[in-house]
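What follows is a short report on a single structure.
Laboratory data are not the source of any read-out in this text; all were calculated from the coordinates shown. This structure is a prediction, so every number in the text was calculated from the model and none was measured. We place every Cβ from the backbone using ideal geometry, glycine too, and count neighbours over all the protein chains shown.
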Amino acid sequence: MEKIQFSSLGKIVKTFGYKGELIATIEERFCKQLNKTEFVFVEIQHERVPFFVVSVENQYNNIFSLMLEDIDSIEKARELLGSALFIAETGKPKKISREFNLKDIIGFEVTDEKFGIVGKIHQILELPQQHIMQLFNNKKEILIPFNEDFVLSIDAQHKTIKIKAPEGLIDFYME
């Protein structure tokens, strides 16, 4: 199975304010690139979970404040303290706009390497462990985790997402 390659971006070191802002130390080689990054991966329970970047501000040197989509309270921010941050090596996307977030991929067409066109994203289910893409194919619901193990690329311009679903997952839903 082809996996996305990651680079260590840094680490979340503390919270800031009460709206979920995070303070992170960032590897020096990524400091300039961070402002153009659309999403980062946060390691949560040994999985790298993608979060869309709402805002980035350089505090000083390699210390940045970050606002991540869906992290909107100090309680949620505290859960991420000490977590490692990663950036995808392939297809490091450019920031489309400050308002681009996980909800913006609703309606994107999902294509699996093996199965072909799976369907369009109806909604994103936000579970504590991860986000799940809910798709429909001929009125059959298909649920696919939205994480680096399965999502190969996101093309915001063409509103498409390419995935490599686990063996048998899509077939299970199509039976």
In sequence order, what are the phi-derived ³J(HN,Hα) couplings for the range 29-42 according to the Karplus relation 6.51 cos²θ - 1.76 cosθ + 1.60 with θ = phi - 60°, rounded to whole Hz, with x for glycine and proline? 5, 10, 4, 6, 6, 4, 5, 9, 7, 7, 8, 10, 10, 10
The summed charge of the residue 169 Cβ neighbourhood (under 11 Å; Lys/Arg +1, Asp/Glu -1) stands at -1
Using Cα-Cα distances under 8 Å and only pairs 6 or more residues apart, what relative contact order does the chain have, in percent? 21
With Kirkwood's inverse mean 1/r over C-alpha pairs for Rh, give me the Rg to Rh ratio of the range 102-174, two decimals please. 0.92
Sequence of 155, 112, 104 once ranked by neighbouring C-beta atoms within 10 Å, starting from the fewest: 155, 104, 112
Which of the GluC sites (Glu not before Pro) across the range 99-144 are loop residues per DSSP, with 12 or fewer other Cβ within 10 Å? 99, 113
The exposure ranking of 46, 122, 158, 131, fewest beta-carbon neighbours within 10 Å first, is 46, 158, 122, 131
Using the Cα centre of the chain as the reference point, and only Cβ charges (+1 on K/R, -1 on D/E), how large is the resulting charge dipole? Debye, rounded to the nearest 20. 480
I want to verify a result. In a Gaussian network model of the chain, Cα cutoff 10 Å, which of these has the top mean-square fluctuation: 24, 156, 84? 156
